[in-house]
Structures are given as C-alpha cells and as structure tokens.
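Structure record follows, encoded as structure tokens.
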Amino acid sequence: MKNPAAGGGRWVEVPPERLVSWIATFGRRHDGISLVAADEGGASLSFAAADGAIAELHPPFPPIGTVPGSGGPGVEGAAEAMVAHAVANRTVGVLLVRLGGYAAGVFAGSPPQLVSSKTGSRPVHGRSAAGGWSQHRFTRRRENQAATALHAAADAAIGIFGRYGADGLDAVVLGGDKRSAAGLRADTRLTPYLDRAVDRFLTVPDPRLAVLRDIPRDFLAIRIRLTEPEPDSPGAIHQVN
C-alpha cells in the first residue's frame, strides 16, 4: 500500500483546488456520504460513507473552526469550508534544512507569494569507514562542520523571520530532514519562531530556491487518511486516488 497510515488506511494529499471534486468522487464511488463530523479541536474533518469507507481530512494550519452540518448540502459546504481555511490569507515562515544546506523564506497573501528569502550551504563531509584515531578526528571535524551549517541556517532564519517578528508570522513550517531540524532547537534565538511551528513536517530534497518557491504546494495540501473496505468484503469498491 502506498503511503500507509499508522492504525490502518493510507494517506492521500490533495491540493485545495481539487478537494471539492475529490469529495464528490469519493461519495459517488462509495454509495454516498452519510456523515460529516469535525473533531472537537478542529484538527480534522471526517466524511463517512454508507459502505464503511472513511475520509479523515487534516487541514493545513489547524484548527479549521466551524463547518456546516452533516448530510445533503452540508457535505459540499464542509468541503468548501475546508478549502477556504486552507487558502486563507496568511503570513507563513518556512525553514528547510538538510545537513549542509538551508532555505528560509516568508510567504504572504493568497495564493502565497515568496516575499523574502535566503538560501545557502556549508560543506559537511560524508561518513568515513576508517577506524582508530583518524576516525575520531574525522568525526569531530564532521560534527563541527554540521554545527557550523546549522548555525548558518539559524542565522538565515533569524535574518528573514526577524523582519516580521514572531507575532508577525501566523505560522512557521519546517522541512528538510527531521534530524537536522531537531538540531535547530538548541539555538534559543529560534525559540519564538519554533513555538509557532505546525506539526506537519515537510520532507524535501536539497533546500534550494526552486524548492522553496514550490513549497506552498506542500504546506497547503489537505492530508486525507483514507480507510476503505477490504477488497473481498461486501460492497467493496475501487479506491479513490
């Protein structure tokens, strides 16, 4: 199964502009949608079909707030409310970091436009298979290079985000690789910004300007946990892509 979800089902990502049609297709393929329910915290919105299929929608920048009631027109209205929430006008800080490379930027407006950015890289040598004291020296040098690279990433983020201040950013999105991003938390200068970081982490390739420019496609996507009847169960139908 592609992109399996813990506890069952699989993850699907849908851009906001396709969500209403995706939900309509989900309803047709699963004998109609019988329920729309938002969790108490507004972190997700679930569509349950008559055949047992469930689409649990997780929006960017939760909570989603109030959505229309269930049944009939409420199904489309709830999907439209999710879209409106996803594409709302926000100022979003983005920090992408991988070992040796970083990209920091601020997006504003709807659709999001990159209004400020800085990218860069620092050399970090790969791991060595050598042993003994040579290995120890190499390891220390590599650790120092990694620390220098993370400090450069933090400097870039402070320079870009600092123009707005933590209160001037509606949210912060982190991405790259989780190990490098975790290392940034040791830099207390970033604490006010990291406190605004959303839970969704974006795994991206080498953080270059082209990757940063395209990142709204990832941070605006609605993540859907799709659970469907087993293929051999009564009423089972084709999956929704």
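Just the number, please: carbon plus sulfur as a percent of the accessible area of segment 2-115, 1.4 Å probe, no ligands or DNA/RNA counted. Of all accessible area on segment 2-115, carbon and sulfur atoms account for 53 percent.
Centre-to-centre, using Cα atoms only, segment 31-57 and segment 1-25 are separated by 12 Å. Three principal axis extents describe the C-alpha atoms of segment 1-71; from largest down they are 28, 28, 26 Å.
Among 80-92, 46-58, 109-121, the peptide with the highest mean count of other Cβ atoms within 10 Å heads the list, and the full ranking is 46-58, 80-92, 109-121. Take the Cα of GLU17, go 7 Å toward its beta carbon, and the backbone nitrogen atoms of segment 192-217 under 12 Å from that spot belong to 217. If the segment from ASN89 to LEU35 were pulled out straight at 0.36 nm per residue, it would be longer than the present Cα-Cα gap by 16.5 nm. Given their separation in residues at 0.36 nm each and the Cα-Cα distance between them, ALA166 and ALA5 gain 54.7 nm when the chain is fully extended. How big is the Rg/Rh ratio for segment 170-210, C-alpha atoms only, Rh by Kirkwood, two decimals? When Rh is taken as the Kirkwood radius, the ratio is 0.96.
Would you tally the net charge around ARG196, using a Cβ to Cβ cut-off of less than 10 Å, leaving ARG196 out, and scoring K and R as +1, D and E as -1? In short, -3. Applying 0.36 nm per residue to the separation of ARG217 and ASP187 and subtracting their alpha-carbon distance, the gain on full extension is 7.9 nm. Database remark: amide H of VAL204 closer than 5 angstrom to the amide H of GLY176 (H placed geometrically; neighbours at sequence offset of 5 or more, or on other chains; Pro and chain starts carry no H).
Which distance in nm do the two modelled labels at VAL198 and GLU230 give, with both placed 7 Å along the Cα-to-Cβ direction? For VAL198 paired with GLU230, the spin-label model returns 3.6 nm.
The values are calculated or read from the model by the stated rules, or taken from the named source; none is laboratory data. In this text the structure is predicted, and so the values were computed from the model without any measurement. Ideal geometry is used to build each Cβ from the backbone, glycine not excepted, and the neighbour counts take in all protein chains shown. To get the accessible areas, we keep the full protein, side chains included, count just its heavy atoms, and leave off ligands, DNA and RNA. Shrake-Rupley method; radii C 1.70, N 1.55, O 1.52, S 1.80 Å.
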